[in-house]
Each structure stands twice: as structure tokens, then as C-alpha cells.
Amino acid sequence: MKKTIFILSCILLSVATMAQSDKYIGTMQTNIALLDTTKNITTLTNLAGTFERIANAEKTQWLPYYYSALADINIAYAYFSDPSVTNKTEKIDPLADKAEALINKADELSKDNSEIYVMKKMIASMRMMADPMSRYMTYGPIAAQALATAKKLDPENPRVYILEAEDKYFTPEQYGGSKAEAKTLFETALKKLDTFKPQSDISPQWGRSEANYFLGQMK
């Protein structure tokens, strides 16, 4: 009798865990789809909060922290492209602080993760772009080192090549930039996206729209 009760308890626990996992995956997929398709600051702010709440509930999962940080980074990009925002540091620095705290939590849960170092590179670049003249010497090397680490950890990660391409695209030629090299890197990223195998349905898969956008600008 005790053995039967034990077996039933294990089955019920397994079913409950599976249901919880399915709910987590479904919630993540819904919000990731929104994150992939919006540039609206209010929507991105709400998504950042949603992913952070998921992270607080699913304390062993690194991906909610990752996506919350990515939402904050996308908000920063929206501010960068808004000419009405004159004091970039006032808007960007708090977002960078928040994204860095989130990605550090993700790093604690998933060590030596190429995707996390991609985020670290993006955060350092955010800080630098907010005031490039005074911050390049500080955050440029940090961004470069994070990207190099991401590439070393996973040379097949397409997002590494997208960030390399963006650096080449935006950097003036006299400082090492090159639209031709950027084009090659974006094309490489697309090829790697075609063969890249994400670890799960909610693992990072973004990058195709970014690469296609820049390639369209270089036609």
C-alpha cells in the first residue's frame, strides 16, 4: 500500500511539474514573439517587467533574465533613434544599469554562455553610445572583450556575427569600419541562422530581421 501511494505521489508530482513547465514555456513563447515584433517603448517596458516577474517566479531559469535585459536594450535603441531625446545618458544609463543587473543574474545561472556574453557586449556598447567621445576608451574594450568571449564560447552563434557586422557598419572607415566587410558579416550571420540549432523553443533565435534590414540598406 505504501509503495502504491509513493508511486502515485511521484506520478502526480511529475504531472504537476510538466504542467508548470508547459505554462512557463507557453508564457515565454508569447512574450518572446511580442519582443521580436515591437519597437514601441511602452510595450517594451511592459515586456521587460513581464520577463522579470517570470524570472522571479522561475528562479532557476536564466532566459527570463536574458529577455528582460534584451527588452531594456531595445528600449535604449529606440531612444538612440529618437531625435527628440537630447540627453541620451539620462535615458540610457538607468537602462544599462538594469540590463546589467539582470544579465549578471542570468550569468550566475548559466556560466560560459555565448548568448549572455552577446548581451554583455550590447550593454557595454549602450553605455559607450550614450556618450561616445568620453566613454569610448572605457567601454569600447569591454564591449570588444565580451564579443570575443561570446565568439570563443560558440563560434557558430549567429548573433556574434550580427554584432560584428553592426560595429563595422557604424564605425567610420578611418577607425576600421567598412560597409563591405559589414555586408559579408551580415551574410555570414544569415547563413549561420539557417543552420543554427537553438537548445529549446525559447532559446535566443533573433537576428534575421536585423541582418536583412542592414543588407537592404547596402543594396
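The values are calculated or read from the model by the stated rules, or taken from the named source; none is laboratory data. These numbers come from a predicted model, not from an experiment. Heads up, the Cβs are rebuilt from the backbone with ideal geometry, glycines too, and the neighbour counts pull from every protein chain shown.
Which residue out of Glu187, Glu173 is at pLDDT 95 or above, in contact with a helix residue (DSSP H, G or I) (Cβ under 9 Å, 6 or more places away or on another chain) and of a type outside the set (A, V, I, L, M)? Just a single option satisfies the conditions, and that option is Glu187.
Being of a type in the set (Phe, Trp, Tyr), more than 15 Å from the chain's Cα centre (by Cα) and either loosely packed, with under 13 Cβ neighbours inside 10 Å or under 19 Å from Tyr66 (Cα atoms) (or both) is the filter here, so list the residues in region 197-219 that pass it.
Result: Tyr213, single match.
In region 112-151, the residue that is surrounded by the fewest Cβ atoms within 10 Å (Cβ to Cβ) out of those that are modelled with pLDDT of 95 or more and in a loop (DSSP other than H, G, I, E, B) is Asp112. Of the candidates Ala16, Ala69, Ala55, Ala33, the single residue that is at pLDDT below 95, assigned to a helix (DSSP H, G or I) and among the aliphatic types (A, V, I, L, M) is Ala16.
Within region 152-161, does at least one residue satisfy the condition of being among the basic types (Lys, Arg), farther than 24 Å from Lys88 by Cβ and loosely packed, with under 15 Cβ neighbours inside 10 Å? Yes; the residues of region 152-161 include at least one that is among the basic types (Lys, Arg), farther than 24 Å from Lys88 by Cβ and loosely packed, with under 15 Cβ neighbours inside 10 Å.
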